[in-house]
Each structure stands twice: as structure tokens, then as C-alpha cells.
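One structure is given below, encoded as C-alpha cells.
The values are calculated or read from the model by the stated rules, or taken from the named source; none is laboratory data. Treat the numbers as computed from the prediction; the structure is a model and nothing was measured. Please note: Cβ atoms are built from the backbone with ideal geometry, for glycine as well, and neighbour counts cover all protein chains shown.
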Amino acid sequence: MKKIIFFLFLFLPVVSGLAVTPTSLDFGEVSRGEIVVRELLIINNENFPVEFEIEGFYDDSFILFEGESALIDVELKVIDKEDGDYEDYLVVKENYGSNLVNAVSIKVVYRVEGGDFSNENLNLEDVKVGDYGFSILYGIALVGLLGVGSFGYIRKKKFKKKGEL
């Protein structure tokens with residue numbers, strides 16, 4: 001009898017405070033630059049407030065109180081992916097302080113078809129280009145003067161040696 005109770009204890013599902021529906025999100029066909037929204041329902045089944053985090057291509061965090069639920073609008077915006085089928089995941093985490101208690105992975109599928117590629121991934125606003133034109137010319141002139149001066153110094157020594165003979 002003890003073995004049966006122990007066996008049942010090991011394999012019975014543990015009740016969690018996290019409930020998420022749907023368990024997968026299908027965004028369908030998405031054009032580049034288009035924003036598509038799907039809803040995700042998260043419910044706190046615990047008897048106390050719980051902090052929830054969503055991670056993946058969409059990030060969010062919030063606190064739900066006892067029995068409270070939240071309907072989250074998950075946005076997908078495809079920028080510069082090639083045409084084709086894609087699969088991704090969102091992870092919904094239930095946190096108590098710094099300890100992760102429970103997490104649910106939600107499969108996300110979509111197909112990219114059409115739309116224009118953007119320049120969003122070529123953000124050059126933070127790129128700093130210095131004006132090195134004067135510095136380079138100054139360096140070239142300095143090297144040239146050193147070369148001419150060395151050449152003159154060597155020629156002067158040769159003329160002195162010829163005069164001493």
C-alpha cells in the first residue's frame with residue numbers, strides 16, 4: 001500500500017497558480033511591416049498576488065491578485081524576414097520574488113509573405129563619423145617632410161665626403 005501511495009504521489013499533477021490559454025498562437029500569414037495581434041488569457045489561481053512575466057519576441061510583466069485574470073494583446077511585427085514559415089515561443093513565468101515557480105511555453109507560428117523590407121535594422125543614428133581628413137593630410141605631409149629632410153641630410157653627407165677627398 002505504501003508503494004502505491006508513493007507512486008501516486010510522484011505522478012499526480014501538481015496544481016499551479018498559473019493558467020494560460022490558448023496554449024499556442026497562430027498569427028497566420030503576415031506581410032513585412034504589418035502588425036498582427038492575438039490575445040492571451042492569463043489567470044492567477046493562487047490565493048495571493050503573483051508576479052507574471054512574458055518573454056520571447058513579446059515582453060511584458062505584471063501582477064495579478066487572487067483569482068484575477070489578464071487578457072494580453074500579443075503583437076507580432078515582422079520586419080526583415082524572408083518569405084516562409086516560422087516558429088517561435090513565448091514563455092509565461094510565474095514568479096515569487098527571485099524564485100521561478102512555474103513557466104508555460106507557448107508555441108507561436110506564422111508565415112511571412114509579401115510586404116517591403118525596411119531599413120529599421122540599419123539604424124545609423126548612433127554611429128559617429130569623425131572628420132579625419134585634415135589629420136590624414138597632416139600625417140602625409142609630415143611623412144613627406146621627413147622623407148625630404150632625410151634625403152637632403154643623406155645627400156649633404158655625400159657632398160661633404162666628396163669634398164674631403
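So which strands (runs of 3 or more DSSP E) stay within the range 41-106 end to end and still have 1 or more residues that are farther than 30 Å from VAL30 by Cα, assigned by TED's automatic domain parsing to the domain that holds THR23 and in contact with a strand residue (DSSP E or B) (Cβ under 7 Å, 6 or more places away or on another chain)? Explain how you work it out, then say what you get.
On the way: elements: 50-55, 60-64, 69-77, 84-96.
In the range 41-106, the matching strands (runs of 3 or more DSSP E) lie at 50-55, 60-64, 84-96.
Residues satisfying the criterion are absent from the range 15-32 (criterion: closer than 23 Å to GLY115 by Cβ and either touching a Pro at 6+ places or on another chain (Cβ under 6 Å) or in a loop (DSSP other than H, G, I, E, B) (or both)). Going residue by residue through the range 77-91, is there one that turns out to be closer than 20 Å to VAL20 by Cα and at pLDDT below 90? Taking every residue of the range 77-91 in turn, none turns out to be closer than 20 Å to VAL20 by Cα and at pLDDT below 90.
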